[in-house]
Amino acid sequence: MNANTGRLEEARTAFSEIYEKNLWRLGPGLELEPDSVQRFVRLIQDFMRENEVATVAEFGCGYWVYSKLIDWKGKRYDGYDVVESAIRYDTEQFSEENIHFHLVRDGIELSGADLLICKDVFQHLPSEDIIYYIGKFKKIYKYMIITNDVFPDAHANGGIPSGGYRAIRLDREPFNERCAVLQTWEGVNFGERWTKHTCLLFGDPTAGGGARTVLNNHPEFGPGASKTVQRHSDNSLSRIMSRLPSLARSVRQIRAFLR
């Protein structure tokens with residue numbers, strides 16, 4: 001078994017147990033907090049409409065607890081997850097001519113798309129895996145909308161095994177990604193207050209449905225994997241976002257601002 005197969009199997013074992021024991025209460029039939037979920041759904045719908053998104057991929061689609069609320073008419077959707085029971089359930093319940101689900105295995109080929117959605121996934125993955133996936137995603141997706149907890153941040157970006165938890169700040173070491181906050185969520189879970197950021201990252205502007213990449217063996221994480229980029233404060237990004245009248249214009253101005 002190569003290094004990446006080991007990582008995928010570690011993730012599959014961890015997340016399968018989490019779903020089987022309902023440790024996060026994220027299985028089929030989950031009732032989501034309506035206001036925050038509807039805000040997120042509207043964000044995705046608006047982004048797709050105003051940026052002429054025709055193809056969408058979701059990494060970590062789970063049991064499709066919020067994605068089923070999105071209108072996918074006229075879009076091609078591909079959902080990916082390491083948990084076999086989730087993919088089986090989604091396929092039985094939600095598959096359509098334009099909606100497909102895929103089990104992530106070693107050597108799987110990911111299809112390119114205009115937009116990648118990755119919600120509440122990276123906060124449960126080791127940092128070296130996040131760096132690997134972002135590197136792959138940038139080659140085949142034009143836009144990436146990624147949501148993670150950013151608070152409580154005492155151990156943000158710290159080391160965890162697959163299925164663990166800590167807050168993620170993609171704009172900080174070891175990721176140093178240029179990203180803009182599109183939406184902020186706040187709430188209480190398991191008695192603890194948290195804050196989420198939904199961030200926009202840019203991939204290859206020429207990517208789309210014809211692009212492909214394979215998830216397979218990847219090198220061990222090391223000091224050379226981190227990048228040094230120009231940093232922008234959250235406050236300046238928030239001011240930029242507050243002045244933009246539409247997401248279509250936001251994308252153009254954010255891309256220019258983050259260069």
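The table that follows gives values for the structure above.
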read-out	value
Candidates L103, L200, filtered to the one that is under 15 Å from F59 (Cβ atoms) and surrounded by 15 or more Cβ atoms within 10 Å (Cβ to Cβ)	L103
Qualifying residues in the stretch 203-233 (those that are crowded, with 17+ Cβ neighbours inside 10 Å and over 18 Å from Y143 (Cβ atoms)) - the one modelled with the lowest pLDDT	F221
Selection status of Y66, at pLDDT 90 or above, under 16 Å from the mean Cα position of the chain (by Cα), buried (at least 16 other Cβ atoms within 10 Å of the Cβ) and more than 25 Å from A207 (Cα to Cα)	yes
Residue within the stretch 38-55 that is touching a Ser or Thr at 6+ places or on another chain (Cβ under 7 Å), surrounded by fewer than 16 Cβ atoms within 10 Å (Cβ to Cβ) and in contact (Cβ under 8 Å) with a residue 24 or more places away in the chain present	yes
Wholly enclosed strands (runs of 3 or more DSSP E) of the stretch 95-181 bearing at least 1 residues hydroxyl-bearing (S, T, Y)	109-111, 141-151
Residues satisfying the stated conditions in the stretch 172-192, i.e. farther than 18 Å from R39 by Cβ and touching a residue at least 40 places away in the same chain (Cβ under 8 Å)	E173, P174, F175, N176, E177, R178, C179, E192
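The values are calculated or read from the model by the stated rules, or taken from the named source; none is laboratory data. Predicted, not measured: the structure shown is a model, and the values here were computed from it. A quick note on method: Cβ atoms are made from the backbone with ideal geometry, for glycine too, and the neighbour counts reach across all protein chains shown.
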